[in-house]
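Enquirer: Before anything else, here's the structure in question.
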Amino acid sequence: MIVDVHTHLPTHMSEVPPDQIKTEQTMRSGETVRLTNSIDDYLKDMEVVDKTFLFGIAPRPWLKRSPGEDFGAGIGWDESLNHNDVAYITAQKAPDKIIPFMSLHPKDPDWKNEYDRCVGDLGCKGIKIGPNYQDFDPNGTDAFKLFSRLEEDQIPVIFHQGTSPMSDAPLTYAHPLYTDKVAMAFPELKIILAHLAHPWQTDCLSVVRKHKNVWADVSAQFYRPYSFWQGMRLFYEWGSIGKILFASDWPVTKPIDNIKHLRLLPKFAADHHLPTIPEEEIEGIINRDALDILGL
């Protein structure tokens with residue numbers, strides 16, 4: 001079974017109007033990434049996987065933004081919907097494939113009600129947070145109250161980890177050594193550290209190796225090939241490559257491209273006279289059953 005544990009919301013319910021197409025060139029270090037997309041675009045790109053986790057990122061509650069400017073529903077959705085609604089609606093288009101995850105902000109005074117709505121009404125099975133994007137301290141009191149609830153309800157959490165091109169997103173909050181303290185305080189909370197925490201793969205490995213319920217995902221790696229090889233080889237040498245989950249970071253990359261480039265790692269190593277990563281370990285990542293691991 002192939003499970004993509006890291007996909008973001010489509011920005012539009014239906015086809016993107018030409019005047020609303022947006023691209024950017026910082027996420028992939030100069031390569032063009034299309035940021036606007038439809039549900040049909042999402043479903044087409046997910047044809048190669050069996051299951052997907054789909055989520056938005058809850059906005060900072062103290063910021064007033066115009067519709068579509070935040071991490072929420074996007075410009076192609078009804079303004080009355082938030083990011084959790086969009087995850088639910090999109091999942092209904094392929095309920096046997098798409099698993100909606102919620103996103104909450106621990107400093108939102110209404111987060112407990114939204115939590116109940118997401119779990120009880122929307123069927124969300126996990127949560128995605130980005131403490132740097134959301135600008136909250138993951139070791140703070142507010143965050144710990146949320147993590148305590150998640151641990152009690154056995155709901156897994158995906159943390160954005162690693163760098164970001166957003167100048168107002170504190171990098172400290174996305175460092176795996178900060179998340180290590182979360183794992184220490186909540187040892188039964190199942191945690192995924194996204195992106196191998198690039199460029200801090202060494203610290204990501206240290207945290208994953210240390211905690212039985214902490215995993216890493218391999219999203220957003222292959223377009224920096226040496227860094228990709230280095231992180232994967234590091235996990236292999238330390239005996240922790242079995243704790244890497246498959247992920248794409250759609251729409252930044254597509255699942256099919258991640259699968260292709262994972263399988264090209266041995267060739268990259270051979271071409272550059274580097275130690276290899278065994279093919280069976282790579283196939284283990286691609287086919288790892290994240291549903292069973294996370295208890296979903």
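The values are calculated or read from the model by the stated rules, or taken from the named source; none is laboratory data. Here the structure is a predicted model, which is why all the values come from computation and not from measurement. Positions of Cβ are generated from backbone atoms using ideal geometry, with glycine treated the same way; all protein chains shown enter the neighbour counts.
Enquirer: Return the total of residues in segment 134-149 being crowded, with 20+ Cβ neighbours inside 10 Å and in a helix (DSSP H, G or I).
Expert: Count: 4.
Enquirer: For segment 210-225, name all the residues that are in contact with a Lys or Arg (Cβ under 8 Å, 6 or more places away or on another chain), modelled with pLDDT of 95 or more and in a loop (DSSP other than H, G, I, E, B).
Expert: N213 - this is the single residue of segment 210-225 that is in contact with a Lys or Arg (Cβ under 8 Å, 6 or more places away or on another chain), modelled with pLDDT of 95 or more and in a loop (DSSP other than H, G, I, E, B).
Enquirer: Hey, could you check segment 150-178 for residues that are surrounded by fewer than 17 Cβ atoms within 10 Å (Cβ to Cβ) and among the charged types (D, E, K, R) and say which is farthest from S103 (Cα to Cα)?
Expert: Among those residues, the one meeting the criterion is D168.
Enquirer: In this structure, is A169 hydrophobic (A, V, I, L, M, F, W, C), under 30 Å from K267 (Cβ atoms) and in a loop (DSSP other than H, G, I, E, B)? Write out each step before concluding.
Expert: Numbers: hydrophobic (A, V, I, L, M, F, W, C): yes; under 30 Å from K267 (Cβ atoms): no; in a loop (DSSP other than H, G, I, E, B): yes.
It is false that A169 is hydrophobic (A, V, I, L, M, F, W, C), under 30 Å from K267 (Cβ atoms) and in a loop (DSSP other than H, G, I, E, B).
Enquirer: Something else now. Taking the condition of being part of a helix (DSSP H, G or I) and among the aliphatic types (A, V, I, L, M), how many residues in segment 172-197 meet it? Talk me through it step by step, then tell me what you get.
Expert: Kept after step one, since they are part of a helix (DSSP H, G or I), are these residues of segment 172-197: 172-174, 176-185, 194-197.
Within this subset, residues satisfying the condition of being among the aliphatic types (A, V, I, L, M) are 174, 177, 182-185, 194, 196-197.
Selection size over segment 172-197: 9.
Enquirer: Next question, about the same structure. Considering segment 150-166 alone, what residues qualify as being outside any loop (DSSP other than H, G, I, E, B) and in contact with a His (Cβ under 7 Å, 6 or more places away or on another chain)? It would help to see each step written out before you state the result.
Expert: As a first pass, look at segment 150-166 and keep what is outside any loop (DSSP other than H, G, I, E, B): 150-153, 157-159.
Hit for segment 150-166 is I158, nothing else.
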